[in-house]
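The values are calculated or read from the model by the stated rules, or taken from the named source; none is laboratory data. Fair warning: this is a prediction, and the values are worked out from it, not measured in the lab. Every residue, glycine among them, receives a Cβ derived from its backbone with ideal geometry; neighbour counts consider all protein chains shown.
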């Protein structure tokens, strides 16, 4: 590099630190003018939806990337290396429920012979209450640092709030169905009319003759000109009205069954199109039968109705239409941090997040069967590298491997119209293409069979564990301690220590502890979780339990540690940390949360020791339902199944111990959600003592 | 549109404005001020904050009163946190507290009003501050996060609020508490630190010379610095000027004076090299000191400073330390930002005027003073310390029938009141009819150096303009009260004006209940006129007679709940049922005994799951076995939690109310709380109820054998009549 070039390079480096609007712009023009991401707001949503529909169906993969208003409310609430899959999920769930997605970038892409063909779109979202039904979101949180970062990137908050696209999740749409009030005949699945009762056939026959009569009358009146008075009278008698320019007839119905019957019957009548007229409360009030003049006219009307329905859906579902498109395409979805992104997608566009990771995983996979995490693929190449962000990963690949990828982006940049928002989605696509090339995976799927990924990719699909493990075992209970180091340890060897002097460093704490007791004589490590809570790693098995016992018994350590204990030092096992996440004790300081969790456990153990009052055994009778999963329903309290005994055929009698009625309630609630048959009868509560 | 460098450059502003105009016909963006001077509003962002503050200082000092208004990112964090008739004063405060803690203030309008006796008019200086809680200093900034209520943002958007201006250019702030905390932390850092550990990296001592390159570099630097030092000494001894010894050193080593001492500037070195130099100096040169702190004014570049002696060296260290501390203090002081405006209002002890401003004051307290106290009594006394004179124009308008007549029985919302009370300002084009008995006040507006006698920015819900309207309404209301500004020599002493006394420090705690709180005493009274119509809708509320039910079977209507209850406790047992949201309802009984009776009965029924309980009239309410019930005090506990779930039943679950133990709390406890409640309110009606002892409510006296329940549909009634 000539010195001059070097200087130029330096200058750019400086502008990175103090980016002003002008050279920010300059930089973009220089380096990214070949990339254009189509920015979509409310005003051009319809148009973009049509485009992306074709792109999705013509592409092999779909990359997604989200811009949220925040990720965590306190430092310890980030997903940390010490988190197991379960706690990581609970943290991601908390974030997804609390924060909002403001930008959603989608990029359908294909890789054809080291050429990346990408169609990037960036949708601006705002959870506006478009339908005045207090949905999709009552309120949401914003993390200051995220807003500041967005501001630095030049995000236009006005455009987002004024012109962002709203949405409803699937669950919300269902819940609001009666308030939205629109249903098409196609949504009525007509069952094979197996058992028609006499009343049914009478109703059908009567309606059929009425419709026939009306159709004939209409056709007659078209032929010969009649007196206006007679015409009006005829209309009155037959109940005929006009729908647009076409004649129509209203048939009142009083049950869902009748709706089905009428729709079934109308199939036999030519040239009529049925429409369902909803009443308040989502029920059907009547069916409007529209008479068309010919087959062509009928098709025309049907097309019209279909358009209307689409328009309505667009209004109700908003951006979720795009999610539904991705879902129905069943194509592999590529993201960078899948746990984070898909908890957000699930909670905003599908349904409220379930309480367990497994449930989340299984119901998510029903909607998106193939989810690929580029971050996870990266681990295949550089397992020990700290490559948390996309640019770092891309430059790492560029340095270490030769994997040229040509990029072809469908939208060409016009002068002065450079947009950077949502560019991460292009980076994900690029990174994915490079990774495939490096890992010798053939990303070209067969035209006719999108559902079968090449087997190499298949083993990388659907991994949500944020930690380094490549193991597929969901109950992997080994964690890392450091971001950079891959050394792993069982969570049983971890102890949480809090009540420390605020802002103490890990090194200082380690020095304090070192040699203070036998347990600290062998190898151990200290890592700060937040400003006054640390995790201690005992590399010798069994020392963690010993340390906890010592803390409980109040055995004397050296002076310095004794002082610390008198100043409020406390310790607990990893189990307490798990309970903190499970119970949702999202305090600002982890120390407070741990205290609260301990308090709860203590209250329960106390309750257990008390006689009579303490143990409430519940007899819960369920219809053929196993209890294997129950043990972890509330994780915090280990439920014990006392006995299982068969009685009265398929009925099982189960006795469970629970300590507080409130938890009983939770159990019943979760049973109700999980069982195909919710509890038929709640058994009696009887006081019983533990053996 | 090029949106990513919005509002950054003034040159861009005009083009932007044009862009905007296409989108929004009535734009009110910052940049719009350049287009139309007659609609000017003094917008203040961080770029013009300093001069605006200086200007505002003089205006406030001269002012007779200062009106204010706030725009927030939200009002309620959950639907059930809205204000209800069933909210006792302490609950109302908890709801306000929750709101002030969760949401952010994005715009702050301040408008000082001064009476100009020459022109016989008021001069107003409306200021519109964009505020954003940016983290200016490391550590705990103003807040880590804040909440946004979707409808509130949408509302702001409807009135063309400029979010970009707010987030990009908003003025940050620190509350007093945060400032104190920051300074305290600073002190502890600088006091703890021994003078030796001033070097930025403590790891230097541990650093080992491993790499060959390092060893060579260290060697070379030792020689060079040694040479430089020798040169210095030689020069001072010989009295001649120092000259660079060789060409090579001149390139890299340059001598300056740092705090009156010769110093060597270390340029263009990597951080590793700097660390090596630091190590070398520690090892080999007693009288040299390595000084470096990145990005600070006192010492922008790394230096090696020569000191005469160890005492001189310590002196230098102390000087540097002092200097650094001062810089840090200045930084914190600078981060105080918008709070200077609040401090100004507070120290000047002016009359502060707001419209329905209880929540606004709570925001001010929470954002600029410190965390809100737990009880309303503590809170009001704290507020009085900072703002001794506050007037709520909504209270003024509602407490006098003549005002209500003036606003033609219309609502007393700010814009309505403004249009009716000050038509001459609201719509200057329409020639206002000045009635003899209704002298219209004249208000002139001064923005920067321009004066407008007919000023109307028309931007409703822009904090600056709302503050202006509030001030106008107040001034007009004062004349109606018979305060003649002409009689007083300026400054007009409004604070001690007799006619105003009954309004000063009286704020609406809750508009819906018509509860007015006296900030001097913390007592609540009902307003005399305003919300009387509202009050009549609901019968008197006796909080001790209330049970709260949640997790109700879906679609259970209030009427049905009432019917069920009546079947058990008698036809007149239920005074009212009020749905809090779709999952929860309040039931107010006619007698306090019924509360504990009901809770007991519910418990009994739930434990025995047999035909009796299935047939029991309450089973309709208890269906599904999930229905929960508790006393009013539990409602308070749920309200005081920082959690905000959208549905009340989820909230109760999240708070973790262990209802079983709570509902059986001894009656004494209930009584105590009742006392507290009544001490709070002067409401005579409420006081009458408090002496009722809760004998019948004691758990022992309320035990009903289940057999009896089948026989009698009115078991409780029967029991009580015994």
Being more than 20 Å from residue B:465 (Cβ to Cβ) and either within 10 Å of chain A (Cβ to nearest Cβ) or over 20 Å from the mean Cα position of the chain (by Cα) (or both) narrows B:134, B:92 down to just B:134
Please enumerate the residues belonging to the stretch A:146-160 that are without any contact (Cβ under 8 Å) to a residue 12 or more places away in the chain and more than 7 Å from chain B (Cβ to nearest Cβ).
A:149
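Of all residues being outside any strand (DSSP E or B) and modelled with pLDDT under 80 in the stretch B:512-526, which is farthest from residue B:411 (Cα to Cα)? Just the residue, please.
Checked the stretch B:512-526; the qualifying residue farthest from residue B:411 (Cα to Cα) is B:513.
Would it be correct to say that residue B:112 is outside any strand (DSSP E or B), touching a helix residue (DSSP H, G or I) at 6+ places or on another chain (Cβ under 9 Å) and farther than 20 Å from residue B:638 by Cβ?
no
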Unmet criterion (only one of (1) out of contact with any helix residue (DSSP H, G or I) (no Cβ under 8 Å at 6 or more places or on another chain); (2) at pLDDT 80 or above) for residue A:432:
(1)
Being within 20 Å of the chain's Cα centre (by Cα), crowded, with 19+ Cβ neighbours inside 10 Å and more than 9 Å from chain B (Cβ to nearest Cβ): is that true of residue A:116 here?
no
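Inspect all residues belonging to the stretch B:100-107 and state whether any of them is surrounded by fewer than 19 Cβ atoms within 10 Å (Cβ to Cβ), at the interface with chain A (Cβ under 10 Å from one of its Cβ atoms), in contact with a helix residue (DSSP H, G or I) (Cβ under 7 Å, 6 or more places away or on another chain) and at pLDDT below 95.
no
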Unmet criterion (only one of (1) more than 14 Å from every other protein chain (Cβ to nearest Cβ); (2) assigned to a helix (DSSP H, G or I); (3) touching a helix residue (DSSP H, G or I) at 6+ places or on another chain (Cβ under 6 Å)) for residue B:55
(3)
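Residues checked against (1) outside any loop (DSSP other than H, G, I, E, B); (2) modelled with pLDDT under 85; (3) under 28 Å from the mean Cα position of the chain (by Cα):
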| residue | (1), (2), (3) |
| --- | --- |
| B:445 | yes, no, no |
| B:459 | no, yes, yes |
| B:471 | yes, no, yes |
| B:484 | no, yes, no |
Please go through the stretch A:521-550 and give me each residue that is exposed (fewer than 13 other Cβ atoms within 10 Å of the Cβ) and either without any contact (Cβ under 8 Å) to a residue 40 or more places away in the chain or in a strand (DSSP E or B) (or both), ordered by number.
A:521, A:522, A:523, A:542, A:549
One residue from A:507, A:571, A:511, A:591 being outside any helix (DSSP H, G or I) and outside the structural domain of residue A:94 (by TED's automatic domain parsing)
A:571
Having 3 or more residues that are more than 21 Å from residue A:429 (Cα to Cα) is the bar; report the strands (runs of 3 or more DSSP E) wholly within the stretch A:272-385 that clear it.
A:272-278, A:284-291
Residue list for the stretch A:135-145, restricted to those being touching a strand residue (DSSP E or B) at 6+ places or on another chain (Cβ under 8 Å) and more than 7 Å from chain B (Cβ to nearest Cβ):
A:136
